[in-house]
Amino acid sequence: MSAEQNPAPEDGPRPRRLTYAAALAALEGLALVVGGVWIFVLGLMGDADDRQQAVTGGVTLVALALLPLLAARGLLARRGWARGPAVITQIMALPVAYNLLQADSMAIPAGIALGLVAVTALVLLINAETTRALGIRGPGNAPE
């Protein structure tokens, strides 16, 4: 692609909103890694019946952590492609937060925290300042 088809983001300092969105995505990714490793270790130490399911669940969570971690890195580097995976991560987090809120346990505070992080990150990611910093143009704003 030429520079005309894919314009470079604006020069200058990275907007704080973009930095905050990247930090929230990285936080979610790290939480998935920690949760995945924890489930994996518990599975290895637990009953043989649950071992395969726990190991699979742990590996799956660690693999899912790649999406928000890569998105966070891309956002910090001001890459336009990174907004898509970051938004997808937040949209996927909302039903998880809702399910945690439906529990009758200690999961309710986790659901509240996850919901707040997801909504905050979405607001930061769709902000006009963030969009400009990433070099994303809206429909009808393409160069001629």
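The values are calculated or read from the model by the stated rules, or taken from the named source; none is laboratory data. Values in this document were obtained by computation on a predicted structure and should not be read as measured data. Using ideal geometry, Cβ is built from the backbone for each residue, glycine included, and neighbour counts are taken over all protein chains shown. These accessible areas exclude ligands, DNA and RNA; they are computed on the full protein's heavy atoms, side chains included. Shrake-Rupley method; radii C 1.70, N 1.55, O 1.52, S 1.80 Å.
Quick notes
- Within the chain, the longest segment free of exposed loop sites, counting trypsin sites (Lys or Arg not before Pro) that fall outside DSSP classes H, G, I, E and B and have at most 16 other Cβ atoms within 10 Å, spans 1-78.
- With both labels modelled 7 Å from their Cα along Cα-to-Cβ, the Leu66 to Ala113 distance reads 2.6 nm.
- Gain upon complete extension [Val41, Arg73; 0.36 nm per residue less C-alpha separation]: 8.8 nm
- Other residues with beta-carbon under 14 Å from the beta-carbon of Ala23 carry, at +1 per Lys or Arg and -1 per Asp or Glu, a net charge of +3.
- Intensity falloff of the chain expressed as log10 I(q)/I(0), Debye formula with alpha-carbon point scatterers, at q = 0.12 Å⁻¹: -0.57
- Within the listed set Gly36, Gly84, Gly58, the Gaussian network model of the chain (springs between alpha-carbon atoms below 10 Å) gives the highest mean-square fluctuation for Gly84.
- Built amide H within the under 5 Å cut-off of Gly135, gap 5+: Glu10
- Two-site label geometry, Ser105 and Arg17: point separation in nm, points 7 Å out along Cα→Cβ: 3.8
- Computed over the range 21-102, the ratio Rg/Rh where both radii use C-alpha atoms and Rh is Kirkwood: 1.07
- Ligands, DNA and RNA are left out, and with a 1.4 angstrom probe the accessible area of the chain is 64 Å² per residue.
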